[in-house]
Amino acid sequence: MLVKQKIYEGKAKIIFTGPQQGTLIQYFKDDATAFNAKKFDVLDGKGEINNLISEFIMNKIKEKGIPTHFLERINSREQLILDCKIIPLEVVIRNIAAGSICSRLGVKSGLKFKEPLIEFYYKNDNLGDPIVNDSHISLLEWSTHTELKQVKVFALEVNNILSRYFLKVGITLIDLKLEFGRVKVDNRLVVADEISPDSCRLCDAISQEKFDKDIFRFDTGDLVSSYRKLAKRLGVIL
Ligand code: UDP
């Protein structure tokens, strides 16, 4: 058993060393940030609900054959995960236009894409996570052509699995952000980080009620109650 040591603190999570070689502990904080951390608050209960939702979603995609870093939920705030080298990209898959694509390209919010649109952002807070393309990614050696091809296959498959699953409970998946890593012991490509309403846009398919971080971004309601409502719809909590 190794002694638990903090190795990294991000905006919404803390990473600690794990109990066995090759594992880490991912701790979900209550901190909420938006607009590259220009907006910040501590929202009681957010960490716990995101831990539960992310566990549920990671297990869902794992069941369908997508490799992930997730091993198990340890307690209300922590997960045991595989130690990975994170690829410095945010992979965004969009089914419907919302957020930055609207302001950047003048696309009308709500436009349904004929097929899912994939974008890559370079994970770098100092640069404000700029959008990048395949050439940047391979020439700056963040990932190889072959690996990026696999990232795209997994990203589209995750979007497909989750879109269908959410629709069964009457929820539309507007867009989502994924991160990928390579497992340190065997270099396997896996979905890493978290998948939660912090990293997806979700709304009721009929009423359009929102269940995601836009509630916090634009102060339109109580974020934690909305996340709980979503968790109930998914059957994650009673
Ligand atoms: N997203 C995220 N982390 C980020 C940026 C975006 O999880 O640092 C998610 C966001 O919640 C949304 C999707 O990625 O589900 C697309 O976000 P967008 O590019 O529209 O950016 P934003 O509106 O957050 O500026």
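Looking only at residues that are touching a Pro at 6+ places or on another chain (Cβ under 9 Å) and of a type outside the set (Gly, Ala, Ser) in the stretch 137-155, which one is farthest from GLU9 (Cα to Cα)?
PHE154
Identify, from the list GLU90, GLU63, the residue that is at pLDDT 95 or above and farther than 22 Å from THR23 by Cβ.
On inspection, the qualifying residue turns out to be GLU90.
Looking only at the stretch 185-238, count every residue that is hydrophobic (A, V, I, L, M, F, W, C) and at positive phi and tell me the total.
0
What are the pairs with Cβ atoms under 6 angstrom where one residue, in the stretch 119-147, is under 13 Å from ASN36 (Cα atoms) and the other, located anywhere, is within 16 Å of the ligand (Cβ to nearest atom) and among the polar types (S, T, N, Q)? Sequence gap at least six, or different chains.
Taking only residues 6 or more apart or on different chains, the pairs are GLY128/ASN36.
Pick out the one residue from GLU48, GLU63, GLU115 that is acidic (Asp, Glu) and farther than 28 Å from ARG217 by Cα.
Result: GLU63 is the single residue among GLU48, GLU63, GLU115 that is acidic (Asp, Glu) and farther than 28 Å from ARG217 by Cα.
Per-residue answers, yes or no, for (1) surrounded by fewer than 19 Cβ atoms within 10 Å (Cβ to Cβ); (2) touching a strand residue (DSSP E or B) at 6+ places or on another chain (Cβ under 8 Å); (3) of a type outside the set (Gly, Ala, Ser):
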| site | (1), (2), (3) |
| --- | --- |
| ILE81 | no, yes, yes |
| LYS85 | yes, yes, yes |
| VAL92 | no, yes, yes |
| ILE101 | no, yes, yes |
| ARG104 | yes, yes, yes |
| TYR122 | yes, yes, yes |
| GLY128 | yes, no, no |
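The values are calculated or read from the model by the stated rules, or taken from the named source; none is laboratory data. These numbers were taken from a predicted model, which means no experiment stands behind them. Methodologically, a virtual Cβ is constructed for each residue, glycine included, from the backbone with ideal geometry; neighbour enumeration extends over all protein chains shown.
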